[in-house]
Each structure stands twice: as structure tokens, then as C-alpha cells.
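What follows is a short report on a single structure.
The values are calculated or read from the model by the stated rules, or taken from the named source; none is laboratory data. All of these numbers come straight from a predicted model, not from anything done at the bench. Because the Cβ atoms are built from the backbone with ideal geometry, glycine has one as well, and the counts that use them run over all protein chains shown.
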Amino acid sequence: MNRKCLSDKALLFVVIGPALAVATACPAEVISVDLPEPTLDRWFYPFNGSAGFRADAPIFGAVGDLDLGFDPAFDNRDGQMLIGFATSGVVPAGLGPESYTITQASVTVTIKNDLAFGYDPTADPYTSWLPSFHPDFAPDPDPGRPLELFGIGFRCDFTALTFPENGPFCDNCCCFPPCPCREVRCVYPVDFIGACEPRDISNNVDDAFDPTPFGVATTDTLLAGDPVPTGTVLTFEIDVDNACVQQYLGEALDEGMLDVLVASIFSAVKQQAGAFPKIYCKEDPLVGFNIVDAAQLLMTVTTGGPAGDLDGDGLVGITDFLILLGAWGPCGAPCPPSCPADLDGDCVVGITDFLILLANWS
């Protein structure tokens, strides 16, 4: 799939008519994205004196003692991590957000500090972070605290394409007393409400709502509550079945830059010590020597027609089903280019691919 293919199709629509344009629609193309290192990663924290060059990103909240509540001068989710991947070198940009169907996406990170926090593979309700004397307080229903992944919103007139790795935390703001430093960061984590409207989730405890993360960090090597060892690789499986997340990813691929934020709440003492995770950044020497990995992105993307349009007629129907049926079973090498019916990118044409085709039947 390429931009010329789509532009030729649009030209035919204008000059000749919609019937011929549909008949000459470009076939869908499945692209496997494997980016072993981010284009940018950065600890997003008001007092980060080495923005874009720090070797790790601590993740914590503006709370030292849950019995006392959050520091009102800072965002509840105080220490965050920005991760960005330039995708245009792998997935053609500029095709239009609706031209991308993401069937799988995940981001992995590696933990730097040792046994500092307890593993939790599930999101926790905001009520579990309220002070114990609060009438809505409810104890955490499971051990540990989760690391969560979100989309990104921008202030300060930045966009995903213009915000640099060492960009400002905020625009002409003061983060020292008596100035509050809440809801001013140029880059902030979002989920979506209503008609996919982005919502800043940095202060979800104070604002009394449970956000919907893109994904929660998981691993097969630990049980809930286990202390997390250094070098543990945690995976955020992004919820591509969420229509708003799918739209966000499509818009990011259309721009050629996918940005996400790791943001959670762990107690911290003077923002320097406590039971919170630190994540390796690409600037760490161990990453440079290939001893540990920085954040990585895996994604399977279908460009062009809807996922399942295997004959390129712009529709998903019986011909596409017969093509998929004829390709049933393991794919040949190289995969997936040799196997366009492998819609989920697992190198096997099977029931999941059939379900994707069925979901896009038109």
C-alpha cells in the first residue's frame, strides 16, 4: 500500500465516477511494526533537570502518605514517562486515519530498580488512593499497584510532530511555592469519554473517576503482589478493540508519530525515595551496550481497504472469505508479506483472522 495508490483512486473518483473508483480500489496490506527503541523517551516531571537525557524515568504520585492525601500543588500522577515512536519509516503516513486498522499493538518497558514495588496486572479503583478517613475510601482489592499506559494530549501549542524530547514541562509556568503546578504540563496522559473526547487523567483521584488505560503492564514471570526484580520486562497490550483507542492509533500513524505516556500512582517521599518503579530510558549506558532494552513497539497494521479486503475491491465479502479459506494454516516465509490473509499477524491463517474478516463484512 502506498500514497500513490490512494491518490490514483481519488483521481478516478473525481474524473470518471464512484463505480470505477470502487472497482480499482487498492488491496489491503498487512504491515508488521517492530521498533526496538523509541525515537524519544523522557521523564515528564516538573523538576527534571535533564529532560530528554536522563537514563531512567521514575513513576510516582504526589503523595507520601495516603493517610494525608495528595499534595494539592501537583498533579496526582506526578512522575510520568513520555515514549514516542516515529512510524512513517515502516507504515506509510498520510493515508488518512480511516485507512489504518490496527489488529495488535503492544509497548514493552524494562524495570531498572530492584524489588522496589509490588506487581499488579489490573487497574485499581481511584477510591483505593483516597485518604483512609475519606467517606469514599475503599481498600485496594488486590496487592501491588499497576503501571498504566495512556494516550497523549498536548498544551503549549505542541503536537506529536513538534514536541521535542527535551521540550518544556510547561509554558511560562511556575512550579515552586506558592505557584501550583497542576494541569499545566505541555504533555499529559489522556483517556477518552463521549464521542472519543480526550480527558486529562493526571488528577483522576481528586476528580473522582476511574480512567480507562490503553493497557496495564503485565508479565508471565510474576504473581500479583510479587516484588518486581530489576530487568523485568513489562508489556502493555494496547486495547485495539476500543474504538477510541483505534481512532487514536490511526491518527498517530497518519501523522507518522505515535506517542504514549506511562502514568500511575506510587507513594514517594520527597519525590526521591519510595516504593515506585523506575523504567530504563534509551540514554542509559546498559541500553547503549545492548545489555537491557529501552521501550519497544510491536504492532500489526492493515492499510488500505478494511481488514479482510483480500481482493482489493473495497468490500469484505464472499470472495475474501474464499481467499482466506484457501490460505488456511501456517504461512510461508517471509511472514506476513507472503500471507495477506494473516490479518492478526501471527503467521497463521486461522479462526482469529476469520473473525476479523467477519467483523468487517460489508
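Observations on the structure shown:
- Considering segment 328-356, the residues that are touching a helix residue (DSSP H, G or I) at 6+ places or on another chain (Cβ under 9 Å) and modelled with pLDDT under 90 include one that is surrounded by the fewest Cβ atoms within 10 Å (Cβ to Cβ), namely Asp346.
- Of residues in segment 220-268 being of a type in the set (Ser, Thr, Tyr) and crowded, with 16+ Cβ neighbours inside 10 Å, the one farthest from the chain's Cα centre (by Cα): Ser267
- Cβ separations smaller than 8 Å between residues 6+ apart or across chains give the following pairs from segment 36-58 residues that are part of a loop (DSSP other than H, G, I, E, B) to residues that are exposed (fewer than 13 other Cβ atoms within 10 Å of the Cβ): Ala51/Asn166; Gly52/Pro164; Gly52/Asn166; Phe53/Asn166; Ala55/Pro285.
- Boolean, Cys156 is on the phi > 0 side of the Ramachandran plot and in the same structural domain as Glu237 (by TED's automatic domain parsing): yes
- All of Asp120, Asp157, Asp142, Asp136 fail the test of being in contact with a Lys or Arg (Cβ under 9 Å, 6 or more places away or on another chain), part of a loop (DSSP other than H, G, I, E, B) and among the acidic types (Asp, Glu), apart from Asp120.
- Enumeration of residues in segment 59-81 that are more than 14 Å from Cys181 (Cα to Cα), part of a loop (DSSP other than H, G, I, E, B) and either under 19 Å from the mean Cα position of the chain (by Cα) or not hydrophobic (A, V, I, L, M, F, W, C) (or both): Ile59, Gly64, Asp65, Asp67, Gly69
- For Asp320, the test of being in contact (Cβ under 8 Å) with a residue 40 or more places away in the chain, over 17 Å from Asp346 (Cβ atoms) and among the acidic types (Asp, Glu) is failed.
- Considering residues of segment 100-141 that are of a type in the set (Ser, Thr, Tyr) and out of contact with any Leu (no Cβ under 8 Å at 6 or more places or on another chain) only, the residue surrounded by the most Cβ atoms within 10 Å (Cβ to Cβ): Thr101
- Among residues of segment 187-217, those that are more than 22 Å from Thr159 (Cα to Cα) and without any contact (Cβ under 8 Å) to a residue 24 or more places away in the chain, counted: 2
- Matching residues, segment 100-117, being part of a loop (DSSP other than H, G, I, E, B) and either of a type in the set (A, V, I, L, M, F, W, C) or outside the structural domain of Arg42 (by TED's automatic domain parsing) (or both): Leu115, Ala116, Phe117
- Cβ pairs under 6 Å, 6+ apart, first in segment 278-306 and over 30 Å from Pro97 (Cα atoms), second small (Gly, Ala, Ser) and part of a loop (DSSP other than H, G, I, E, B): Tyr280/Ala294; Glu283/Ala55; Asp284/Ala55; Val287/Ala294
- Of all residues in segment 254-273, those satisfying the criterion of being modelled with pLDDT under 90 and either in contact with a helix residue (DSSP H, G or I) (Cβ under 7 Å, 6 or more places away or on another chain) or on the phi > 0 side of the Ramachandran plot (or both) are Lys270, Gln271.
- If you go through segment 98-117 and keep only what is within 22 Å of Pro340 (Cβ to Cβ) and not hydroxyl-bearing (Ser, Thr, Tyr), you end up with Glu98, Ile102, Gln104, Ala105.
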